[in-house]
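The next block holds one structure in the form of C-alpha cells; read it before the comments.
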Amino acid sequence: MYEPMVNSPYNPVLLYVTDPMCAWCYGFTQVIRRLRALWHGRLSVEVIAGGLHPYNREPLSHEQRERMAVSWHRVQERTSLPFNYGFFVQKDFVYDTEPASRALHVVRRLRPALTLEVLRALHSAFYADGLNLTDPQVLAQVVRPFGINENLFYTLFEAEEIIEATEKEFEFVQMMGVTDLPSVYLEGGMGPELLARGFCQLDELEERLLQHLEMV
C-alpha cells in the first residue's frame, strides 16, 4: 500500500456519494473510514446523500427482493460484514431511502464531524440489525448515541428546510452524473472529479488518490 504524501499541495476533500440503505455502500463505508484514519489531518470526507430509491411508494416486488438478496450475498462475500436476512421475511416493505438520507442532513446540521460515523451506524442498523430506516422513530434511536436529542431530531427532520435540502442534494448528484453508488469524487478547482465508481478495496482507492495528487 502507498504511504500518504506528507507534502501534498493541498488537503484533498473527498465527496463520498452514498446512501444509508445501499448494500455496497455498507461495505464501502468501512473503506472510507479507514482511508480517513490513515490520512488523518491530511484528508477531509464529505458525505453526499445519493438518493438510491427516494420517494418510493410501492412495496418491493418478488423479483426486486430476489435481486436484492443476491446483491446482499455478494457484498457479504466481498466484505465479511454481517447481514440480517430476516428482512426478506417482511411483507409489503416500501424501500424508500429518502427518510434515512434526510436523517443524514439533520446530523450534518447538528454534528457535522460525526456524519460518516452516523452513516456507518445507519448501515449497521439496517443491514445487521434489521431495523426499519423508513421509520423516523428508528432513525431517532440510531442517532441518539451521537448526542442528538430526539425532540430536536424530530423538529429538524420535519422541517421544510431539511426536506428541501435533501431533495436538492439528490438533484445535485444527478447533475454530477453519478451512475453508481457508492462513488467517490475529489473536489477540485474545476469541480468534482471522479475518483472511484462502485466498490473497491482500500489499497486501490488510496492508489487512485495518490496518482491524482501527483498530477496536481
Worksheet item: What do you reckon, is E164 charged (D, E, K, R), farther than 30 Å from W39 by Cα and at pLDDT 95 or above?
Response: yes
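Identify, from the list V89, V75, V6, V94, the residue that is modelled with pLDDT of 95 or more, loosely packed, with under 14 Cβ neighbours inside 10 Å, of a type in the set (V, I, T) and more than 12 Å from the chain's Cα centre (by Cα). Talk me through it step by step, then tell me what you get.
Working: V89 fails: modelled with pLDDT of 95 or more; V75 fails: loosely packed, with under 14 Cβ neighbours inside 10 Å; V6 fails: modelled with pLDDT of 95 or more.
It is V94.
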Worksheet item: In this structure, is H105 under 18 Å from Y55 (Cβ atoms) and either touching a residue at least 60 places away in the same chain (Cβ under 8 Å) or crowded, with 17+ Cβ neighbours inside 10 Å (or both)?
Response: yes
Fill in: region 182-206: number of residues that are out of contact with any strand residue (DSSP E or B) (no Cβ under 6 Å at 6 or more places or on another chain) and in a loop (DSSP other than H, G, I, E, B)
8
Discussion item. Looking only at region 183-214, count every residue that is of a type in the set (A, V, I, L, M, F, W, C) and surrounded by fewer than 18 Cβ atoms within 10 Å (Cβ to Cβ) and tell me the total.
Written reply: 6
Worksheet item: Only one residue in T166, T179, T134, T115 is part of a loop (DSSP other than H, G, I, E, B), touching a Lys or Arg at 6+ places or on another chain (Cβ under 8 Å), of a type in the set (S, T, N, Q) and on the phi < 0 side of the Ramachandran plot, so which one is that?
Response: T179
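From the residues in region 137-161 that are outside any helix (DSSP H, G or I) and either small (G, A, S) or in contact with an Asp or Glu (Cβ under 9 Å, 6 or more places away or on another chain) (or both), which one is farthest from G51 (Cα to Cα)? Even if it seems obvious, please write down each step before you answer.
In the first step, residues of region 137-161 are kept if they are outside any helix (DSSP H, G or I); the result is 147-149, 158-159.
Filter once more, keeping what is either small (G, A, S) or in contact with an Asp or Glu (Cβ under 9 Å, 6 or more places away or on another chain) (or both): 147, 159.
Details: G147: 25, A159: 19 Å.
The selected residue is G147.
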Worksheet entry | Of all residues making up region 33-58, the number that are touching a Phe, Trp or Tyr at 6+ places or on another chain (Cβ under 6 Å) and surrounded by fewer than 16 Cβ atoms within 10 Å (Cβ to Cβ) | 2
Worksheet item: Taking into account only those residues within region 138-155 that are farther than 17 Å from L114 by Cα and not polar (S, T, N, Q), which is nearest to the chain's Cα centre (by Cα)?
Response: V138
Worksheet item: Residues in region 184-195: is at least one charged (D, E, K, R), in contact with a helix residue (DSSP H, G or I) (Cβ under 9 Å, 6 or more places away or on another chain) and at pLDDT 95 or above?
Response: no
Worksheet item: Does A140 satisfy the condition of being closer than 17 Å to S101 by Cβ, touching a residue at least 40 places away in the same chain (Cβ under 8 Å) and surrounded by 12 or more Cβ atoms within 10 Å (Cβ to Cβ)?
Response: no
Worksheet item: Does region 116-132 hold any residues that are touching a residue at least 40 places away in the same chain (Cβ under 8 Å) and buried (at least 22 other Cβ atoms within 10 Å of the Cβ), and which are they?
Response: L119, L122, H123, F126, Y127
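Across region 15-74, which residue is farthest from P112 (Cα to Cα) among those that are small (G, A, S) and assigned to a strand (DSSP E or B)? Explain how you work it out, then say what you get.
First pass over region 15-74, keeping only residues small (G, A, S): 23, 27, 37, 41, 44, 49-51, 61, 69, 71.
Right, trim to assigned to a strand (DSSP E or B) and you get 44, 49.
Details: S44: 12, A49: 14 Å.
My answer is A49.
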Worksheet, complete the sentence: Contact list, first residue from region 70-98 and closer than 16 Å to T29 by Cβ, second anywhere and among the polar types (S, T, N, Q) and surrounded by 13 or more Cβ atoms within 10 Å (Cβ to Cβ), beta-carbon distance below 6 Å, six or more apart or interchain, is F83/Q76
Worksheet item: out of contact with any helix residue (DSSP H, G or I) (no Cβ under 6 Å at 6 or more places or on another chain) and either under 22 Å from G50 (Cα atoms) or surrounded by 18 or more Cβ atoms within 10 Å (Cβ to Cβ) (or both), is that true of F83?
Response: no
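The values are calculated or read from the model by the stated rules, or taken from the named source; none is laboratory data. Predicted, not measured: the structure shown is a model, and the values here were computed from it. Quick reminder, even Gly has a Cβ in these numbers, built from the backbone with ideal geometry, and neighbours come from all protein chains shown.
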